[in-house]
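S.K.: Take a look at the following structure, please.
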Amino acid sequence: MEWSLESVREMVAGGMQSVRECEICAFAIAMCVLLLFMWYCYRVGREHGTSPLRGRYLSGTSRIGGVVGGFMSSDCRGRGKGKHGSLLEEQNGFAFCQSSECFRCTSAGESLNQRLYHSLQEYAKRYTWSGMGRVHKGVRDQGRYLNSRPTIQRPEVFFLPDLHSAPFFSREVQRHDVELLEQSFPALLAEFESIYHQPPARSGSSLPPGWKANSTPRGQWWTYYLVNQGTPLVLNVRRCPRAWRVLGQLRTFIANNVFGNACFSVLTPGALITEHYGPTNVRLRCHLGLRVPPSCELVVGGEPQCWSEGSCLLFDDSFLHRAFHDGNPEDGPRVVFMVDLWHPNVAAAERQALDYIFTPGRLEDREGK
């Protein structure tokens, strides 16, 4: 190649043209990135600003069930109404579930799996598919997951895949709520005493108003629900304003779907709760010990633990578990305050979708359409 002034001029001109073309290309790429970022911010803001649960619960200490000052609002009195009437009502001191879609008393089945998938599609069309990978995978392959699970952990209704599993969890995974419950120990114990020592609801009943007797092979197991499968019990809430306020202050209490429960649970001496599975692995069950005599034990996934008064136990009740009180009659009952908290590894977007899919009455209403 012969070097000349003309050839050098041509090379310089070509280089400058290439630089100008590169600047235009880089500018175009930067504009595309900026537009994508603006679109992403718009979508995120829209998703957070239009939650499907907005308006169903108030903020602060009264957000659960729309209770103000410990009493249920008219909006909550309408919750749980469906083609079967009231899902939960009190009769002779017992709280009876009257829904044919009770998630703890009926098996899932193929029909429920199909309805879950339709509800997930409705949610995605109305809001977003973003962050729904595990939920979509779980709903789509629910039958396979439930049937192929090892016997040590087999949730009866819904299994979320790729979620950390263990029979017991450290209190640190839900530190705020655990500490709040433990700080509320004196108030919760006092409120238990007030509802437990009431006279029977009616003649012929051995239990005070609001208490439910559960079937056990031996002994007695009684529960007093404030929230049963996502539905607050109005009369019970009115009798327990302090416990209700505590629930309103919890950050991870499952307040918006059928997997959420809160109750006082009593085991009399000699009682046994036989081995069983919970409905899902997306929650952790928390027991705050209120009264714990000797010889009481909780066994989850083959691992035994003992309750302690004023302290919380966190466990995954989708594992096979049982509880018993082998103490003497003079020891008195074992009493815990039980709440269902979100599993710490369930993301916020997944919680919102699960709240929508498992809203009390949603799947039941779909069946009636």
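S.K.: Taking into account only those residues within region 250-261 that are in contact with a helix residue (DSSP H, G or I) (Cβ under 7 Å, 6 or more places away or on another chain) and closer than 25 Å to Pro186 by Cβ, which is most open to solvent (accessible area, probe 1.4 Å)? Give the steps one after another, and end with the answer.
M.R.: First, pick out the residues of region 250-261 that are in contact with a helix residue (DSSP H, G or I) (Cβ under 7 Å, 6 or more places away or on another chain): 250-253, 255-257.
Among the residues that remain, those that are also closer than 25 Å to Pro186 by Cβ are: 250-253, 255.
On the way: Leu250: 1, Arg251: 172, Thr252: 14, Phe253: 12, Ala255: 13 Å².
So the residue we want is Arg251.
S.K.: Within region 260-267, is there a residue that is out of contact with any strand residue (DSSP E or B) (no Cβ under 8 Å at 6 or more places or on another chain) and in contact (Cβ under 8 Å) with a residue 12 or more places away in the chain?
M.R.: No, that holds for no residue.
S.K.: Assuming His164 fulfils every condition listed in (1) open to solvent by 50 Å² or more (accessible area, probe 1.4 Å); (2) touching a Pro at 6+ places or on another chain (Cβ under 8 Å); (3) under 17 Å from Asp317 (Cα atoms) apart from one, which condition is it?
M.R.: The number of the failed condition is (2).
S.K.: Continuing with the same structure: Among the listed residues Leu181, Leu247, Leu233, Leu207, which satisfies the condition of being in contact (Cβ under 8 Å) with a residue 60 or more places away in the chain, surrounded by fewer than 22 Cβ atoms within 10 Å (Cβ to Cβ) and not small (Gly, Ala, Ser)? Explain how you work it out, then say what you get.
M.R.: Values: Leu181 fails: surrounded by fewer than 22 Cβ atoms within 10 Å (Cβ to Cβ); Leu247 fails: surrounded by fewer than 22 Cβ atoms within 10 Å (Cβ to Cβ); Leu233 fails: surrounded by fewer than 22 Cβ atoms within 10 Å (Cβ to Cβ).
One residue alone meets the criteria, Leu207.
S.K.: To continue, here is another question. List pairs: first residue in region 118-140 and within 17 Å of Pro155 (Cβ to Cβ), second residue open to solvent by less than 10 Å² (accessible area, probe 1.4 Å) and small (Gly, Ala, Ser) anywhere in the structure, Cβ distance under 6 angstrom, at least six positions apart or on different chains.
M.R.: Val135/Ala353
S.K.: Need the failing condition index for Arg175 against (1) within 15 Å of Leu314 (Cβ to Cβ); (2) out of contact with any Gly (no Cβ under 9 Å at 6 or more places or on another chain); (3) in contact (Cβ under 8 Å) with a residue 24 or more places away in the chain, just the number.
M.R.: For Arg175, the failing item is (3).
S.K.: Looking only at region 339-362, how many residues end up being part of a loop (DSSP other than H, G, I, E, B) and within 30 Å of Gln114 (Cβ to Cβ)?
M.R.: So in region 339-362, the residues part of a loop (DSSP other than H, G, I, E, B) come out as 343-347, 358-361.
Subsequent filtering for residues that are within 30 Å of Gln114 (Cβ to Cβ) retains 343, 345-347, 358-361.
Result for region 339-362: 8.
S.K.: Something else: Which residue is nearest to the chain's Cα centre (by Cα), if the candidates are limited to region 267-295 and must be crowded, with 23+ Cβ neighbours inside 10 Å and within 14 Å of Trp221 (Cα to Cα)?
M.R.: Leu267
S.K.: Something else: Among (1) among the small types (Gly, Ala, Ser); (2) open to solvent by 10 Å² or more (accessible area, probe 1.4 Å); (3) under 23 Å from Tyr224 (Cβ atoms); (4) under 14 Å from the mean Cα position of the chain (by Cα), where does Ser308 come up short?
M.R.: (4)
S.K.: Kindly check whether there is at least one residue in region 242-262 that is more than 12 Å from the chain's Cα centre (by Cα) and part of a strand (DSSP E or B).
M.R.: No; the residues of region 242-262 include none that is more than 12 Å from the chain's Cα centre (by Cα) and part of a strand (DSSP E or B).
S.K.: Filter region 141-160 down to the residues that are closer than 19 Å to Arg115 by Cβ and free of Cβ contacts under 8 Å to residues at least 60 places away in the same chain and list them by number. Give the steps one after another, and end with the answer.
M.R.: Step one: of region 141-160, the residues closer than 19 Å to Arg115 by Cβ are 141-147, 155-160.
Residues satisfying the conditions are Asp141, Gln142, Gly143, Arg144, Tyr145, Leu146, Asn147.
S.K.: Same structure again: Within region 316-338, which residues are open to solvent by less than 10 Å² (accessible area, probe 1.4 Å) and either within 14 Å of Arg175 (Cα to Cα) or part of a loop (DSSP other than H, G, I, E, B) (or both)?
M.R.: The answer is Asp316, Asp317, Ser318.
The values are calculated or read from the model by the stated rules, or taken from the named source; none is laboratory data. Values in this document were obtained by computation on a predicted structure and should not be read as measured data. Glycine gets a Cβ as well: all are built from the backbone with ideal geometry, and neighbour counts include every protein chain shown. With ligands, DNA and RNA removed, areas are computed over all heavy atoms of the protein, side chains included. Shrake-Rupley method; radii C 1.70, N 1.55, O 1.52, S 1.80 Å.
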